[in-house]
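What follows is a short report on a single structure.
The values are calculated or read from the model by the stated rules, or taken from the named source; none is laboratory data. Keep in mind that this is a model prediction, so the values were computed, not measured. Counting neighbours? That spans all protein chains shown, and the Cβs are built from the backbone with ideal geometry, glycine included.
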Amino acid sequence: MKIDQTSIALIKHLRDGRRSFRRIAEAVGVSENTVRSRVAGLEREGLLEISGLVDPEGIPGHRLVLIGVKLGTMELVKKGEEFSRLRGVVSVSVVTGRYDLFLQVLLHDQFGLLEFYTQEVSRIQEVQSVETFVVYKGYNIRVPYVL
């Protein structure tokens, strides 16, 4: 399927993932209303967030970069929340190792890496250093859900 500008606009506005509650109910062996009620409760409690995964390679003019961020503060969760509100940021993770945060950022022809750093990251205090990793090819691996 060829992705056009309308599809790109829909993808950008899509916040929730989709899966039929009926199909889930059949697989789990409960009623559709039970699934609907449980999912709503989990979302309300902040335990579940349904989202969609987009393959950036399929969106013309876009690219995904990963950015390691070293901070000058130990308020990692607070800083992670600040970064999560920046334009282009898809996800933020608080991590161990050389960096304190890892960002996934979706860039496009009119908003590139330079704009991300000069217009967005420059507004955040306590950033000591960053390292950028351009994603050439990504692979989403489906792993069975085990509780």
Pairs where the first residue, in the stretch 126-147, is at pLDDT 80 or above and surrounded by 10 or more Cβ atoms within 10 Å (Cβ to Cβ) and the second is assigned to a loop (DSSP other than H, G, I, E, B) and of a type in the set (Val, Ile, Thr), C-beta under 9 Å, 6+ apart = GLU126/THR73
Can you name the strands (runs of 3 or more DSSP E) wholly within the stretch 31-134 that have at least 3 residues being within 30 Å of PHE21 (Cβ to Cβ) and out of contact with any Cys (no Cβ under 7 Å at 6 or more places or on another chain)?
-> 89-94
Is it the case that some residue within the stretch 93-108 is over 16 Å from the mean Cα position of the chain (by Cα), β-branched (Val, Ile, Thr) and more than 30 Å from ILE24 (Cα to Cα)?
-> yes
Residues (under 13 Å from the mean Cα position of the chain (by Cα) and farther than 17 Å from SER122 by Cα) located in the stretch 67-91 | VAL90, SER91
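Is it the case that some residue within the stretch 41-50 is out of contact with any Ser or Thr (no Cβ under 7 Å at 6 or more places or on another chain) and in contact (Cβ under 8 Å) with a residue 24 or more places away in the chain?
To start, the set of residues in the stretch 41-50 that are out of contact with any Ser or Thr (no Cβ under 7 Å at 6 or more places or on another chain) comprises 41-50.
With in contact (Cβ under 8 Å) with a residue 24 or more places away in the chain added as a condition, the list becomes 50.
Within the stretch 41-50, one or more residues are out of contact with any Ser or Thr (no Cβ under 7 Å at 6 or more places or on another chain) and in contact (Cβ under 8 Å) with a residue 24 or more places away in the chain.
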Any hit, the stretch 36-55, residues being under 23 Å from GLU120 (Cα atoms) and either at pLDDT 75 or above or surrounded by 13 or more Cβ atoms within 10 Å (Cβ to Cβ) (or both) | yes
